[in-house]
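Notes follow the structure.
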Amino acid sequence: MNLIAVIFSFLTLINSTEKTTMEIPSIFSDNMVLQQNSTASFWGKAEPRIKVNINASWGESATTNVNDDGSWLAKIKTPSAGGPFEVNLTVGDSTIIYKNILIGEVWLCSGQSNMEMPLQGWPPNDLILNSQEEIKNSSNSNIRLFSVSRAYSVEKEFNVDGKWEECNPQTIASFSATAYFFGKRLQEKLNIPIGLIHSSWGGTPAESWTSNEYLESIDDFKPILADIENSKGDIQKYKVWLSDHPVINIDKPLETSWENLDFNDEKCSSTNFKDSMWREVDLPRLWETSEVGNFDGVIWFRKKIEIPESWRDQNLVIELGPIDDMDRTYVNGVLIGAHEKSGFWRNDRIYNIPKELLSKEILIAVRVLDNQGGGGLYGDIEKLKIHPTNSDESISLSGKWKYLPVAEYHGQKFYAFDIDKMDYYSRPLIKISLSANTPTTLFNAMINPLVPYSIGGAIWYQGESNTGRSEQYTTLFPLMIKNWREVWGLGDFPFYYVQIAPYNYGSETHSEFLRESQLKSLSVQNTGMVVTLDIGNPVNIHPSNKQDVGKRLADWALAKTYNKNVPYSGPLYKSMKVEKDKIVISFDHCDELVVKQSEDNNNFLIAGTDSVFKNAEVKIDNDQLILFNPEIKNPIAVRYAWSNTATATLFNKEGLPASSFRTDNWEK
């Protein structure tokens, strides 16, 4: 991953003559949606003490002066939903005209990969149900999209990279599927414009999305927060060093954005190129586990091997195992294979080597491009080998490889290093490891620049990266919600979130406790939780059914925010009582309970005084469940769907699933 994010704020001057020097956040652009019936904030930077005027075509205006520190903020009243409108923003003697503005409902959509997952999916393994048809039929000018580009920072940033766009097949394909289905249903039911601000990053924990001022109230994070503060000088030096390198722009990351990029391919794949000063690394492994550490970008790997004489008149096969994320693979300077589309990080690389390329010694050069998460040749040792076609005889390619990082990726830009000087090795060093997983860094770079843009509420899909710290999450998640609400200053705005789906995390992780932490967070005012126990995929952490996720989030909003009469919640555990050898469970949202079987199991467990859980028999009594096991005479506890992969068996008449729950508070 990147060592540090650099966000370059830019000047937005549309339909104007550049006169006064000013900086306006990119959240303000043509096609934006402003929150209806609100006092919408506009802000920016300019020369101190000059006048700022805002005039809206719906008849409202506002005036302020730039503060001595160069900042300004003005608020303007918005009408009920409608449009299109224009806003004229004049700062000193410069004017910006924002066009095609709608007034409606604005929602912030955030989280990790299940929120980030685009409508086009991440082929070939992580797909969205009916993706192509959904994209084809997506045109709706009353849905507007704003995607925040990935960035992280140890300082609170002023701006993000992004712009508002109308929803259509070209813009929606790379936009969050969950956010889109949420907004689509709101727009259909409310018949007003919907603005969706998408700001998420796969694989990130909740503490990354929480500010320093709030996170320091949790003792667990105090040491890393102190380390970040003490490293800011080193981080600034690295920023300056990095910004002095040539840039390759990736304007909008798409499936094909990574094809045919050139990172000194001809030189680094050549047998004549001198790599004697390159460092060595043992492969296979993710480079995050090596001295490279957290790094998104491009690294060349080179290895020379001797080919047995008996092989030299045969076609060979090279197997490299899976590569995270993309690769171009060369033998003796000739490209023999490549995977240059995103989404293939779990696919084994198996390429043919024509016998014409063979000699006594061959050079294998692999250019690995990692644009997120882990990077490198990371499969099993047995998968890294070379052999003749249709032969069991092979030579292992595991062990020492030469390597050189040649470009760092962040903010949709590659910063290219000098391969002759090998300047990556002499870069300014930062004492701590920084990434999108570092506490506070995503709040600083991807949330703070959006404040105080007026919103109607927020939706959140995250938790997978906190499954190992579920008890901490019970405090952390409500704290993050409080953090966002207080910095926005809009009161306890609606915050609806998705409970993580069933997935096989392995025997050392117990995600049911994280789901319990999420269930407990319903005690936070004006929150709602979508249960996904019935629409998950235990073998894929990215379930394909984002339609129902978005719909269920929207139904929470329709019912609780917009006062529509729609069902929005499955059964939620309320209380229990023991009646002789049975336990009676009561629920909220429990009209006409239904219990289904899941692989000959109803996923209910019951325990006696020995704390040993056994399968429970279940009977429905009106809106209650009666649980028992003939072997347990004195039951004291019940658990439902209490494992990593347990799926829903309890529903209400609306077909909405119950959350997993337990009646005990035992550690295991």
- Task: Count, please, the residues in segment 49-96 that happen to be farther than 16 Å from PHE158 by Cβ, part of a loop (DSSP other than H, G, I, E, B) and not small (Gly, Ala, Ser).
- Result: 8
- Message: It is to be established whether one or more residues within segment 102-118 are farther than 21 Å from LEU196 by Cα and either part of a loop (DSSP other than H, G, I, E, B) or not aromatic (Phe, Trp, Tyr) (or both).
- Response: no
- Name the pairs whose Cβ atoms lie under 6 Å apart, with the first residue in segment 371-398 and in contact (Cβ under 8 Å) with a residue 24 or more places away in the chain, the second of a type in the set (Ser, Thr, Tyr), and 6 or more positions between them or separate chains? ASN371/TYR409; ILE381/SER398; LEU384/SER398; LYS385/SER394; LYS385/SER396; HIS387/SER394
- Item | Selection within segment 218-246 - touching a residue at least 40 places away in the same chain (Cβ under 8 Å), assigned to a loop (DSSP other than H, G, I, E, B) and either β-branched (Val, Ile, Thr) or exposed (fewer than 14 other Cβ atoms within 10 Å of the Cβ) (or both) | ILE218, PRO246
- Item | Every residue from segment 247-290 that is assigned to a strand (DSSP E or B) and over 27 Å from the mean Cα position of the chain (by Cα) | ARG279, GLU280, VAL281, ASP282, LEU283
- The correct count of residues that are in a loop (DSSP other than H, G, I, E, B), surrounded by fewer than 15 Cβ atoms within 10 Å (Cβ to Cβ) and not β-branched (Val, Ile, Thr) in segment 368-393 is 5
- Message: Could you list, ordered by first residue, the pairs with Cβ atoms under 6 Å in which the first is in segment 460-471 and in the same structural domain as GLU512 (by TED's automatic domain parsing) and crowded, with 19+ Cβ neighbours inside 10 Å and the second is aliphatic (A, V, I, L, M) and assigned to a helix (DSSP H, G or I), at least 6 apart or interchain?
- Response: TYR461/MET115; GLY463/LEU514; ASN466/ALA206; THR467/LEU514; SER470/LEU514
- Considering only residues of segment 618-647 that are surrounded by 14 or more Cβ atoms within 10 Å (Cβ to Cβ) and free of Cβ contacts under 8 Å to residues at least 24 places away in the same chain, which is farthest from MET576 (Cα to Cα)? ASN629
- Would you check if there is a residue in segment 561-573 being over 32 Å from the mean Cα position of the chain (by Cα), surrounded by 14 or more Cβ atoms within 10 Å (Cβ to Cβ) and modelled with pLDDT of 95 or more? no
- Query: Quick check: anything in segment 335-345 among the aliphatic types (A, V, I, L, M), buried (at least 19 other Cβ atoms within 10 Å of the Cβ), over 30 Å from THR204 (Cα atoms) and in the same structural domain as LYS402 (by TED's automatic domain parsing)?
  - Reply: no
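The values are calculated or read from the model by the stated rules, or taken from the named source; none is laboratory data. Worth saying up front: this structure is predicted, and the values here are computed from it rather than measured. Cβ sites come from the backbone with ideal geometry, for glycine too, and all protein chains shown count toward neighbours.
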